[in-house]
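The block underneath contains the structure these notes are about, expressed in structure tokens.
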Amino acid sequence: MQAVGVIVEYNPFHNGHKWQIDAAKKRSGCPFVIGVMSGNFVQRGEPAIFDKWKRAEMAIRGGVDLIIELPTVFAVRSAQYFAAGSIRLLHSLGIVSHVCFGAEHADLELLKKIATATSDVNIMNQMHINLHLGNTYASALGQALRKHYNVAENITSSSNNILAIEYLRAIKEFSPALQPIAVTRQISKYNDTTITSSFASATAIRQAIIEYLTVTDKIKLAVPETTSEVLYDLLLQKYGPVTLHNFSSIILAQLRLNNSKQLEKIPGVSEGLHYKIHDSSLLATNIDHLLSLLKSKRYTYTRLQRILIHALLGTTQEQLANFDKEGPLYARILAFNQNGRLLIKKMNQHNTIPVITKTTHYLSSKQRDNNILTPLQQMLSVDTLASDIYSLGIPSSNLNMGAWDFRYPALYIPT
């Protein structure tokens with residue numbers, strides 16, 4: 001029993017995602033699809049618009065067989081660590097033969113060439129120079145590849161192309177037998193802000209949800225009917241939308257409670273940024289104001305948002321460095337269908353890490369308060385704390401309670 005893996009956020013699940021699932025099955029020949037999905041906070045440094053269980057439900061209803069949570073310590077990271085954590089998790093399951101990902105330039109041979117080139121000493125030296133000059137990672141890489149390999153710089157200007165390159169690097173290091181499949185993104189770019197066709201970006205769909213607080217005709221055009229039904233109920237019950245602005249005061253409070261030395265330990269902080277964060281947190285009146293004070297050529301909004309999420313969650317550079325050495329230590333199941341049930345059974349025969357369907361079998365709320373935790377429990381505790389904090393951003397005050405992870409087992413979704 002072999003499955004094709006997809007690495008996703010489904011924020012929310014839309015027609016482009018449905019198209020990718022169908023393409024992944026067709027191109028791989030695998031009858032089953034396993035999704036590794038970010039939890040309540042996503043890679044670009046934002047809370048997901050709806051919680052991880054609801055997004056997992058959309059995915060299962062949309063055709064995925066099994067959704068596994070990518071631990072928070074890998075989900076809210078730059079492309080390199082996000083990709084490495086995802087590929088290592090898929091590899092640990094023991095039943096995934098292929099991985100399918102989208103890119104603006106789905107030329108797999110070119111992407112492999114670039115992935116190999118990133119280990120070239122000339123590229124690494126040139127990137128170091130470019131980064132020192134204040135360029136972003138993508139820009140530094142693009143300039144280095146243009147100079148030494150004559151690769152068009154716009155190839156690395158897309159975040160999906162960067163992720164594709166990092167997936168290929170991670171496959172080479174952690175899972176050489178895993179077969180990559182690159183598919184071209186359909187019509188819209190990932191960060192397009194308006195819905196103009198049945199294939200719209202998740203960014204455009206989120207903006208429409210935030211603006212109208214209902215499922216408009218344009219949103220219906222861009223998502224499967226199953227997603228539309230789930231979205232309608234979620235908005236009616238005020239499960240969302242959850243945005244970074246909902247955490248504005250909490251983030252500012254967290255930053256003001258810490259001195260510069262403590263802020264220096266936040267993942268992603270370097271080159272004296274902690275001093276600027278400390279001073280700016282006292283001047284800022286909201287999250288947008290804070291980001292505008294911190295923004296620079298080197299520190300993009302996405303990078304800064306990730307830093308703020310880590311400040312919110314209390315994660316440190318030392319923690320993440322230790323987790324990066326270990327890789328994902330468990331496969332946390334969020335939702336599954338009947339095929340997914342069979343996959344879980346098969347995984348339990350071939351996996352190299354525990355499969356978790358109920359959090360309390362590995363960590364309770366009382367254990368979480370204990371200073372003596374195993375590495376697995378430490379990683380899992382970050383996921384549970386992330387949920388506890390995320391719930392504070394849900395619009396309905398009736399849903400702001402914590403301990404969700406300890407109450408909700410993996411969801412079975414009949415399809």
What Kirkwood Rh does region 245-293 have if only Cα atoms enter the pairwise 1/r average? Answer in Å. 10.8
Of LEU343, LEU392, LEU163, how do they rank once you tally other Cβ atoms within 10 Å and put the fewest first? LEU392, LEU163, LEU343
Going by average Cβ neighbours within 10 Å, how do the peptides 292-298, 26-32 rank, with the highest at the top? 26-32, 292-298
Computed over the Cα atoms, what is the radius of gyration of region 361-415 divided by 2.2 N^0.38 Å, N being its residue count? 1.29
Listed peptides 74-81, 284-291 by packing density, highest first (mean Cβ within 10 Å): 74-81, 284-291
Going fewest to most other Cβ atoms within 10 Å around each Cβ, PHE199, PHE336 line up as PHE199, PHE336
Between the alpha carbon centres of region 44-94 and region 111-167 the gap in Å comes to 25
Just rank ARG306, ARG368, fewest to most, by other beta-carbon atoms within 10 angstrom. ARG368, ARG306
How many angstrom lie between the C-alpha centres of region 344-390 and region 190-267? 26
Based on the mean of other Cβ atoms within 10 Å per residue, sort peptides 93-101, 120-128, 262-270 so the most packed one is first. 93-101, 262-270, 120-128
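Coordinate-derived values only; no laboratory data. Source: prediction; values computed, not measured. Cβ coordinates were reconstructed from backbone atoms using ideal geometry, including for glycine residues, and neighbour counts include every protein chain displayed.
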